[in-house]
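Here's the structure, in structure tokens; my notes come after.
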Amino acid sequence: AQRVTQPEKLLSVFKGAPVELKCNYSYSGSPELFWYVQYSRQRLQLLLRHISRESIKGFTADLNKGETSFHLKKPFAQEEDSAMYYCALNRNSGNTPLVFGKGTRLSVIA
Amino acid sequence: KAGVTQTPRYLIKTRGQQVTLSCSPISGHRSVSWYQQTPGQGLQFLFEYFSETQRNKGNFPGRFSGRQFSNSRSEMNVSTLELGDSALYLCASSGGTATYEQYFGPGTRLTVT
């Protein structure tokens, strides 16, 4: 069965420091990976998809099939990045539900 | 476009009661998924409806059920509530036949006492 693991429940970094939120997955096929973010008092929203290979709010994520990872990175953390981040996997077989990790709470300290 | 709406936003129920939550998807979206969000377990998938049919189901007991109407609005019902059912219940809609990009509602906070 497919699984998404986010090993850190909480990650605290200082403003201006680099950020890496880890995500590992288990799936034998070709998955589609996503990062979702939930800011305080806001709804959960899509941050980025691996397929688009774009940078959103300074965040990037590269799918590493060899290491089955999809870590989220940002070179310089900002206070407004403080939020709950969820990594999610889709089996890329069409009509299947997203599988979410348990989430990592990022706290950026001024 | 108006976003996904969920009603009610907050609910307090007693053990043994039942509850119905409602979700209105983004106009034109035909898929509605339900999730249970708790601090310990994160987001757990309950079920997904597409064109009034349950297309996918998570690993929850039969006390959790849902349905979807012809206008794509969906309801989720939990019978015989237990203390452990206290959670934020999120609804998400998506537009195409693939469910990858989901738009979430604000959630219904259910507290069971």
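Can you put B:Tyr10, B:Tyr49 in order of Cβ neighbours within 10 angstrom, beginning with the fewest?
B:Tyr10, B:Tyr49
Cα to Cα, under 12 Å, and not fewer than 8 places away if on the same chain: which aspartates and glutamates meet these conditions relative to A:Lys102?
A:Glu8
Averaged across A:96-108, how many Cβ atoms of other chains sit within 10 Å of each residue's Cβ atom?
Mean partner shielding for this stretch: 5.
At a 10 Å Cβ-Cβ cut-off, how would you order B:Val32, B:Val19, fewest neighbours first?
Ranking B:Val32, B:Val19 by Cβ neighbours within 10 Å, fewest first, gives B:Val19, B:Val32.
How do the peptides B:78-90, A:54-66, A:97-109 rank, highest first, by the average count of neighbouring beta carbon atoms within 10 Å per residue?
Descending packing order for the listed peptides: A:97-109, B:78-90, A:54-66.
For the residue pair B:Ala2 and A:Ser26, what label-to-label distance in nm results when each label sits 7 Å from Cα along the Cα-to-beta-carbon direction?
Modelled inter-label distance: 4.4 nm.
For B:Ser27 and B:Lys13, calculate 0.36 nm times their separation in residues minus their Cα-Cα distance, and state this gained length in nm to one decimal.
That pair, B:Ser27 and B:Lys13, stretches by 2.0 nm at full extension.
Projecting each Cα onto the charge dipole of region A:1-53 (Lys/Arg +1, Asp/Glu -1 at the beta carbon, about the Cα centre), which of A:Ile51, A:Gly16, A:Ser40 comes out farthest on the positive side?
So the residue we want is A:Ser40.
What distance in nm separates the simple spin-label points at A:Gln45 and B:Glu82, each placed 7 Å from Cα in the Cβ direction?
3.6
Quick one: if you stick a label point 7 Å off each Cα along the C-beta vector at B:Lys57 and A:Arg53, how many nm between them?
Label at B:Lys57, label at A:Arg53, 4.1 nm between them.
Please report A:Met84, B:Met76 as a ranked list, fewest other C-beta atoms within 10 angstrom at the top and most at the bottom.
A:Met84, B:Met76
Identify, among B:Gln18, B:Gln68, B:Gln44, the residue whose Cα sits farthest towards the positive end of the charge dipole of region B:1-78, taking +1 on the Cβ of Lys and Arg and -1 on the Cβ of Asp and Glu, with the dipole about the Cα centre.
B:Gln18
Once every Cα of region B:21-113 carries one equal point scatterer and solvent is ignored, give the base-10 log of I(q)/I(0) from the Debye formula at q = 0.17, 0.21, 0.22, 0.23 Å⁻¹, two decimals.
Relative scattering, expressed as log10 I(q)/I(0), comes to -0.66, -1.00, -1.10, -1.19.
Bear in mind that the values in this text are calculations on the coordinates, not laboratory data. Just so it is clear, the structure is predicted and the values come from calculations on it, not from any experiment. Don't worry about glycine lacking a Cβ; one is built from the backbone with ideal geometry, like all the others, and counts go over all protein chains shown.
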